1. I'd like to know which of A:Ala84, A:Gln60, A:Gly111 lies farthest towards the positive end of the charge dipole of the stretch A:42-117, counting +1 on Cβ of Lys and Arg and -1 on Cβ of Asp and Glu.
2. Hey, in the protein assembly as shown, which Cys have no second cysteine's beta-carbon closer than 4.7 Å?
3. Using a 1.4 Å probe, how large is the accessible area of B:Glu92, given in Å² and rounded to the nearest 10?
4. Can you give the three extents of the C-alpha atoms in the protein assembly as shown along their principal axes, from longest to shortest, in whole Å?
5. Strictly greater than 19 Å: what percent of every Cα pair in chain A meets that?
6. No solvent, one uniform scatterer per C-alpha: report log10 I(q)/I(0) for the stretch B:7-111 via the Debye equation at q = 0.14, 0.19, 0.20 1/Å, two decimals.
7. Only Cα pairs under 8 Å and at least 6 apart count here; give the relative contact order of the stretch A:1-78 as a rounded whole percent.
8. Counting only the backbone N, which residues of the stretch B:78-108 are under 14 Å from the spot 7 Å out from the Cα of B:Lys68 toward its beta-carbon?
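The values are calculated or read from the model by the stated rules, or taken from the named source; none is laboratory data. Bear in mind the structure is a predicted one, so any value in this text is a computation, not a measurement. Here the Cβ is made from the backbone with ideal geometry for all residues, glycine too, and neighbour counts use every protein chain on show. Note: accessible area is taken over every heavy atom of the protein model, side chains too, but ligands, DNA and RNA are not part of it. Shrake-Rupley method; radii C 1.70, N 1.55, O 1.52, S 1.80 Å.
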Amino acid sequence: GAVVSQHPSRVICKSGTSVKIECRSLDFQATTMFWYRQFPKKSLMLMATSNEGSKATYEQGVEKDKFLINHASLTLSTLTVTSAHPEDSSFYICSARDGRSGANVLTFGAGSRLTVL
Amino acid sequence: GESVGLHLPTLSVQEGDNSIINCAYSNSASDYFIWYKQESGKGPQFIIDIRSNMDKRQGQRVTVLLNKTVKHLSLQIAATQPGDSAVYFCAENIEGNQFYFGTGTSLTVIP
């Protein structure tokens, strides 16, 4: 089955620094990947849709200059949290759709827990 | 298991009993739905899906029911096991684009 790898799984950084999270589709190509954010005991909130070779589409209320998304290849999307602050601490999860079988199922990475001190 | 307020709804069941987890979705144009299971500290895992032209779909120990009239989705787990303890989310999809997730329900199975 489709596998999505996310790295790092856990990161702690100082306030004001930038953090990059990678999302890779290991055995399939993904022209579109999705980035979600999840607070403790809450649901997944779609942040943006990452499109290979073009600009990401951000959901309303998500700062595009704060959360930089790059989808440079068919197997890699990155989310960079710029000038991170404690309120950016969260669980970030990426997902991709494996369209090989014609199915519309999203496969998720294991998530990246960001803690900003 | 209805989503009310800001807190994650919880459901506790005895091992061996059946579980029913509910989800109210928001967009009547949604044409595809998925139930995901999320264990603590992990990403969501696919359980079962259903298209809007169906009202019921069965998998192994799980059944999803869709009521488009009231925009309601349910997940039934038969003979619930301790390994089923997790948070369950429904996700709605519109025209093959983004997926939006419901509030989620935390299921605890009591041995």
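1. It is A:Gly111, whose Cα lies furthest towards the positive end.
2. Isolated Cys, the protein assembly as shown: A:Cys13.
3. 20
4. For the protein assembly as shown, the Cα spread along each principal axis is 49, 37, 31 Å.
5. Numbers: 2811 of 6786 pairs.
That fraction is 41 percent.
6. So the normalised log intensities are -0.50, -0.91, -1.00.
7. Numbers: 120 pairs, mean separation 21.4, N = 78.
After rounding, I find 27 percent.
8. What the label zone holds, given the 14 Å backbone N cut-off, is B:93-95.
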